[in-house]
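S.K.: First the structure, then my questions, so here it is.
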Amino acid sequence: MQNRVVMLADFDYFYAQCEELRNPAIKDKPVVVGVYSGRTEESGAVSTSNYIARKYGVKSGMPLFLAKRKLEGTDVVFFKVDHEYYDQISDRVMQIFRSYATNFEQVSVDEAYLDVTEQVEGSFEKARDYAQKIKIDVKNQVGISFSVGIGPNKLIAKIACDSQKPDGLTIVKPHVAKVFLESLDVDRLLGVGKKTSIKMTELGIRTVGDLAKFDCQRLIEVFGKVIGIYFHNAANAVDNEPVQEQGDAESISRIGTLKQDTCDLEFILQKTEELTDDVFKEVVEKNLSFKQVAIYVVRTDLSSKSRSVTFDQPSKDKETIRRHVRVLFEKFLNESTLEIRRVGVKVSGFSREEPKQKQLSNFFQIG
Ligand code: TTP
Ligand code: CA
């Protein structure tokens, strides 16, 4: 089997970088983004800070008053978190990432895995250039920098990425992956929280290398079969988890308000056309097939109704949605005389080309 080439991209000092993006003048100053609790003017905690502020000892989670004290005498700038804005930036970057990968998996607002095996023909040399290209593209289009880790699987890509930030690009080829992990503290592995770490110390395991050499049968006795085997594999740089979109939605829908209340089919379809475009875009992004199309209606008396149709064979095309939306509205308007105020389009009954495997990492509590 061909080697996989997996990338993890992690945006640099994300919230603070977003603030720099819309206020370029602050780029050379310490920047702190925080959540203000509102109790007193200064109470709250640091969400993140740029690397200049970090030099003064500012860390995520630190009370804001402490960050302020550490940065006394500097021209630090503080911001309140603005999730809506950060989400918008994140969406734009994720959209670009998607276009570069066969399989894509967003793990948080600022982290995503890309399986680029096909694009780089399994070559880690090509992967370096490829990652540079993505970095430049994102910088040009959105203005955000990020760090990249590249490895034969998700586990290695993640640890590689963490090892060099900001604007890092770290490549760990398959034949050195085990050695790369060996000297790291065992708690760098996903799933090794405080409690597990203590247990491991009792077993004489301090580094990932110690864990790799530890008897697998004994690990199973201590941690149970699934987790014992996971630890054994992870420590030996083995991780077969596929890169795939997480938490599939059960349905994808969009709702909008009509410019005026109406019973006119064509007027309504103008609106549903836009909604269908949006729904379909998401269907394509997530590479889904669907078996059900539904419409949703809110009438002028604020009563709401929905109608749906289910077909035997899954569909992947927009025309199917449009056709069924039209038919459903035609029928609905025949039954109802009240004018309509809001309309919605929904698709559901999803299937994927490949079956979804359970994520091993779901078994863990990270802490
Ligand atoms: P991280 O990726 O952990 O941090 P970061 O992007 O700020 O910095 P780095 O360059 O080290 O990757 O977290 C992503 C965002 O999540 C971060 O910008 C702010 C938010 N966050 C919090 O709100 N609270 C926290 O305690 C942490 C760790 C992050
Ligand atoms: Ca980050």
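A quick yes/no check of all residues on (1) open to solvent by less than 60 Å² (accessible area, probe 1.4 Å); (2) free of Cβ contacts under 8 Å to residues at least 60 places away in the same chain; (3) in contact with a Phe, Trp or Tyr (Cβ under 7 Å, 6 or more places away or on another chain); (4) among the β-branched types (Val, Ile, Thr):
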site: 210; (1), (2), (3), (4): yes, yes, no, no
site: 231; (1), (2), (3), (4): yes, yes, yes, no
site: 236; (1), (2), (3), (4): yes, yes, no, no
site: 240; (1), (2), (3), (4): no, no, no, no
site: 243; (1), (2), (3), (4): yes, no, yes, yes
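S.K.: Then there's this: Which condition does residue 32 not pass, out of (1) outside any helix (DSSP H, G or I); (2) over 19 Å from residue 138 (Cβ atoms); (3) open to solvent by 40 Å² or more (accessible area, probe 1.4 Å), if it passes all the others?
M.R.: Answer for residue 32: the failing condition is (3).
S.K.: If you don't mind, there's one more thing I want to ask. From the residues in the stretch 143-202 that are within 16 Å of ligand 2 (Cβ to nearest atom) and at positive phi, which one is most open to solvent (accessible area, probe 1.4 Å)?
M.R.: The residue in question is 167.
S.K.: Could you please tell me which pairs satisfy a Cβ distance under 7 Å, a separation of 6+ or placement on different chains, a first residue in the stretch 6-24 that is within 25 Å of residue 119 (Cα to Cα) and open to solvent by less than 10 Å² (accessible area, probe 1.4 Å), and a second residue that is more than 11 Å from ligand 1 (Cβ to nearest atom) and of a type in the set (Phe, Trp, Tyr)?
M.R.: 6/113; 7/113; 8/113; 9/97
S.K.: Is it the case that the stretch 324-343 has a residue that's farther than 23 Å from residue 245 by Cα, open to solvent by less than 20 Å² (accessible area, probe 1.4 Å) and assigned to a loop (DSSP other than H, G, I, E, B)?
M.R.: yes
S.K.: Say whether the condition of being open to solvent by less than 80 Å² (accessible area, probe 1.4 Å), within 12 Å of ligand 1 (Cβ to nearest atom), touching a residue at least 12 places away in the same chain (Cβ under 8 Å) and touching a Gly at 6+ places or on another chain (Cβ under 9 Å) is met by at least one residue in the stretch 52-60.
M.R.: No, the stretch 52-60 contains no residue that is open to solvent by less than 80 Å² (accessible area, probe 1.4 Å), within 12 Å of ligand 1 (Cβ to nearest atom), touching a residue at least 12 places away in the same chain (Cβ under 8 Å) and touching a Gly at 6+ places or on another chain (Cβ under 9 Å).
S.K.: Does the stretch 78-136 hold any residues that are loosely packed, with under 12 Cβ neighbours inside 10 Å, at pLDDT 95 or above and among the acidic types (Asp, Glu), and which are they?
M.R.: Within the stretch 78-136, 125, 129 qualify.
S.K.: Still on this model: Let me spell it out: the conditions are (1) modelled with pLDDT of 95 or more; (2) more than 28 Å from residue 15 (Cα to Cα), and residue 196 meets all of them except one. Which number is the exception?
M.R.: Unmet condition: (1).
S.K.: Using the structure shown, decide if residue 29 is in contact with a helix residue (DSSP H, G or I) (Cβ under 8 Å, 6 or more places away or on another chain) and away from ligand 2 (no atom under 16 Å from the Cβ).
M.R.: On the way: in contact with a helix residue (DSSP H, G or I) (Cβ under 8 Å, 6 or more places away or on another chain): yes; away from ligand 2 (no atom under 16 Å from the Cβ): yes.
For residue 29, the condition - in contact with a helix residue (DSSP H, G or I) (Cβ under 8 Å, 6 or more places away or on another chain) and away from ligand 2 (no atom under 16 Å from the Cβ) - is met.
The values are calculated or read from the model by the stated rules, or taken from the named source; none is laboratory data. Fair warning: this is a prediction, and the values are worked out from it, not measured in the lab. Here Cβ is always computed from backbone atoms with ideal geometry, including for glycine, and neighbour counts include all displayed protein chains. Please note that ligands, DNA and RNA were not included when accessible areas were found on the heavy atoms of the full protein model with its side chains. Shrake-Rupley method; radii C 1.70, N 1.55, O 1.52, S 1.80 Å.
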